[in-house]
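Quick notes on the structure that follows.
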Amino acid sequence: MGERATARQWFDRIPGAARLRRHARGGHGSTWERGRRRGGASAAAGRPWRARVDGRTARRLGAAVLAGGLVLAGCAAPAAAGLAAVASTVPDSATGDLPDAATLPAATVLTDRDGTPIAYLDEQYRIPVSYDRIAPSMIAAIVDVEDRRFFDESGVDPVGTLRALVTDAAGGAVQGGSTITQQYVKNWLVDVVDRDAPAAQRADHADTPTRKIREAVLAQRLAHGTSKQDVLAGYLNTVEFTGNVYGVEAAARAWFGTDAAHLTVPQAALLAGAVNNPTLFDPFRHPQAATDRRNTVIAAMRDAGSLTPAQAAEATAAPLGVRAGGPQVPGHNCYGATDGAGFLCEYAVSELERAGFTEQQLDTGGYTIRTTLDPAASASAQQAVDANVPRTQDGVADTLVLIRPGHGDAATGDHQILAMVANRRPGTDAAAGDTTRDLVAAPSNVFGAGSTFKIFTTAAALEAGTVGYDSTLPDPASACFPGAGSSCYPVSNDTPDYPDPIPLPVALATSPNTAFVDLEERTGIAKVVDMARRLGLRDTLASNAAGGTPDPSSSDARISQPQSTFFADLPSFTLGVSPVSTLEMANVAATVQSDGVWCAPDAVLSVTDRDGAAVPVNRPACEQAVAPGIAHTLSAGLGGDTVSGTSAAAARAAGWTRPTIGKTGTTNSSESVAFVGGTGGIDGVAGSSMVFADGPNPSEICPGNPVHLGDCGHGAFGGTVAAPPFFAAVEPLIAGRADVPLPDPDPDHLQPRDG
């Protein structure tokens with residue numbers, strides 16, 4: 001019989017094995033037979049109990065005892081021989097991967113740049129910790145109540161396992177017989193391996209010999225290759241608690257507002273008691289049952305010598321001490337982010353997904369993602385937009401992004417997002433002002449950013465040599481320009497009071513329409529559109545003219561084509577009539593301030609794994625979008641907006657005197673107003689503020705306190721409604737800093753180039 005015979009020999013050496021085998025066969029002298037002789041027949045069935053045992057049940061019992069004996073042989077025999085014997089006799093279903101702490105699903109935490117958590121991503125709220133970060137009170141509580149011989153046993157309780165197999169097979173009461181190591185295996189199978197497979201989970205819970213054998217075999221293997229400390233830590237990191245909380249560290253935080261290393265005896269006893277049945281012993285819903293169970297654990301600790309009688313009495317008298325209102329569990333995605341962090345959280349996740357991380361990796365990998373969010377900048381920006389447009393204001397979105405431009409170096413530069421906010425919050429409670437739309441990063445402002453797009457026309461014209469800084473532009477009160485079709489495109493200035501011709505810097509500050517449409521035509525519309533892409537509108541121009549993903553199957557060019565194609569020959573482009581992203585417009589200002597170097601807006605400073613090791617993140621390389629001379633000349637040209645241009649009145653009202661690049665924008669019917677600007681150079685702040693209609697019935701935006709939708713005649717302007725939040729948010733961030741002058745125009749771009 002080889003190894004099988006050896007396994008049976010080991011089984012026969014177990015005290016009581018022969019008696020248990022006789023009981024399984026229903027032989028003379030068994031408790032079942034004695035019961036029959038005492039009149040224990042099954043009256044309902046009309047036949048004696050002995051007859052029932054002799055049939056299918058007896059065969060099940062025999063198989064259970066044989067299988068159980070083989071498992072127990074593996075426990076009692078030397079490791080190599082025992083494991084070989086067990087492995088050769090158990091079915092394939094008893095094999096599987098052993099628990100591995102490195103693959104245990106763990107919550108990923110996103111922090112601000114200072115390391116303070118702002119959001120969690122998880123399938124299961126779990127924060128694994130090592131054995132030395134679990135309080136001795138917790139170790140004692142779980143061992144004393146669940147498996148007092150844990151540190152001495154081999155991983156499987158031979159007698160308990162066999163008793164459970166025999167009793168279960170006989171149809172008796174469900175038996176446990178599980179060591180902590182076996183419980184670890186079971187919880188691993190249920191909550192990790194099969195967490196997305198309900199049918200497999202049911203099999204993991206089934207009271208069958210096959211399931212118990214499988215657990216025992218895996219537990220035996222685990223015990224022979226893992227230290228007791230690691231097994232215990234693995235078990236405590238895996239088990240489920242009430243409220244979608246997994247593991248002792250997450251439970252300590254959610255239940256008590258502490259951590260696993262500082263659990264008191266009453267706290268540890270409550271947690272240790274709850275793992276037996278998280279629903280029944282839920283202290284938030286069943287406080288009395290939880291208290292009784294906790295006190296049972298405390299008594300077990302006293303009986304085991306872990307507590308003195310006096311310590312046990314003191315712990316028993318203690319209140320439950322759980323957090324009021326139920327376990328405090330952070331949200332499982334960016335909807336649960338701290339105030340002001342939700343949109344940046346979503347963008348950080350999308351940035352990492354573009355870099356190759358999968359959603360499951362982020363939800364289960366236990367990473368620490370340190371974002372670029374500056375808590376002071378974010379709080380200041382959030383306060384500014386909320387003061388301008390309240391969170392629940394019907395039909396009006398207010399978005400604001402602040403970016404640190406960084407050094408103008410295509411090799412090492414970056415554009416770090418300091419704040420990314422809106423008066424709305426990411427979420428599903430519309431009545432509270434939540435939104436499921438990506439208002440800030442995506443081209444969700446479908447009405448456009450108005451005259452801020454004149455930045456692109458000016459940059460393209462300077463690069464092409466169509467104009468120089470000292471040029472004047474033709475500026476009739478109205479004109480009709482060649483369009484994509486046979487008819488011309490009529491354009492009028494907002495007022496007939498503009499000079500004609502008009503100096504380029506004055507045109508940038510005061511924003512006449514005809515001057516810039518003419519300049520766009522002379523430079524080439526396609527060049528202007530491409531300049532917008534180069535300076536920062538990468539995702540915006542890849543979207544269609546409705547702000548969505550192009551659908552080639554549509555017969556409508558607005559839907560089927562990306563904006564880069566659709567607007568390539570439309571003179572309206574320079575007037576900012578297309579969907580646009582607030583984030584990308586802020587990045588345009590950052591590109592101008594960083595000497596013409598474009599870098600992708602960055603929300604991630606670093607990623608580390610659950611062990612603290614750095615994880616590389618693939619990022620797009622920065623590009624020299626335009627020559628530094630063009631960026632400097634453009635900056636000089638944009639310097640008049642807050643001094644004598646369309647945002648000057650708002651700047652004065654805010655006490656704003658900083659040298660600033662700026663450009664405002666307003667759509668024809670004032671459904672959208674915008675301000676794009678920056679101050680402080682490469683170490684300063686660049687930003688974009690946009691206020692636009694976001695409800696199902698968009699209409700004119702009206703100034704006021706608060707800003708609102710209405711029919712107010714002339715409506716809002718970028719200078720009156722969008723610029724003030726920028727000034728309010730940025731001033732506290734640079735208070736006390738010396739002014740940084742704007743660059744002078746580059747000598748090579750003062751005049752247009754011939755030909």
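For the stretch 530-563, the set of residues classified as in contact with an Asp or Glu (Cβ under 8 Å, 6 or more places away or on another chain) and either among the hydroxyl-bearing types (Ser, Thr, Tyr) or on the phi < 0 side of the Ramachandran plot (or both) consists of MET531, ARG534, LEU537, ARG538, ASP539, THR540, ASN544, ILE559, SER560, listed by residue number.
Note on the stretch 286-318: residues that are in contact (Cβ under 8 Å) with a residue 24 or more places away in the chain and not in a helix (DSSP H, G or I) amount to 4. Among the residues of the stretch 198-229, those identified as within 29 Å of the chain's Cα centre (by Cα) and closer than 18 Å to ASP97 by Cα are ALA200, GLN201. Residue under question is GLY356, and the condition is that it be at positive phi, of a type outside the set (Phe, Trp, Tyr) and buried (at least 17 other Cβ atoms within 10 Å of the Cβ); does it hold? For GLY356, the condition - at positive phi, of a type outside the set (Phe, Trp, Tyr) and buried (at least 17 other Cβ atoms within 10 Å of the Cβ) - is not met. Note on the stretch 231-252: residues that are under 23 Å from the mean Cα position of the chain (by Cα) and under 16 Å from SER137 (Cα atoms) total 6. Considering the stretch 632-664, and only residues there that are among the polar types (S, T, N, Q) and under 26 Å from LEU462 (Cα atoms), the residue that is surrounded by the fewest Cβ atoms within 10 Å (Cβ to Cβ) turns out to be SER644. Taken together, the residues in the stretch 671-694 that are out of contact with any Asp or Glu (no Cβ under 6 Å at 6 or more places or on another chain), of a type outside the set (Phe, Trp, Tyr) and farther than 28 Å from ALA636 by Cα amount to 2. Of the strands (runs of 3 or more DSSP E) entirely within the stretch 344-456, those holding at least 3 residues that are in contact with a helix residue (DSSP H, G or I) (Cβ under 8 Å, 6 or more places away or on another chain) and closer than 15 Å to SER581 by Cβ occupy 396-404, 415-422. Among residues that are touching a residue at least 40 places away in the same chain (Cβ under 8 Å), part of a helix (DSSP H, G or I), of a type in the set (Gly, Ala, Ser) and in contact with a helix residue (DSSP H, G or I) (Cβ under 9 Å, 6 or more places away or on another chain), ALA515 is included.
Screening the candidates THR111, THR116 for the property of being within 19 Å of VAL349 (Cβ to Cβ), modelled with pLDDT of 95 or more, surrounded by fewer than 20 Cβ atoms within 10 Å (Cβ to Cβ) and touching a strand residue (DSSP E or B) at 6+ places or on another chain (Cβ under 8 Å) yields one hit, THR111.
The values are calculated or read from the model by the stated rules, or taken from the named source; none is laboratory data. From a predicted model like this one, the values you see are computed outputs, not experimental measurements. Counting neighbours? That spans all protein chains shown, and the Cβs are built from the backbone with ideal geometry, glycine included.
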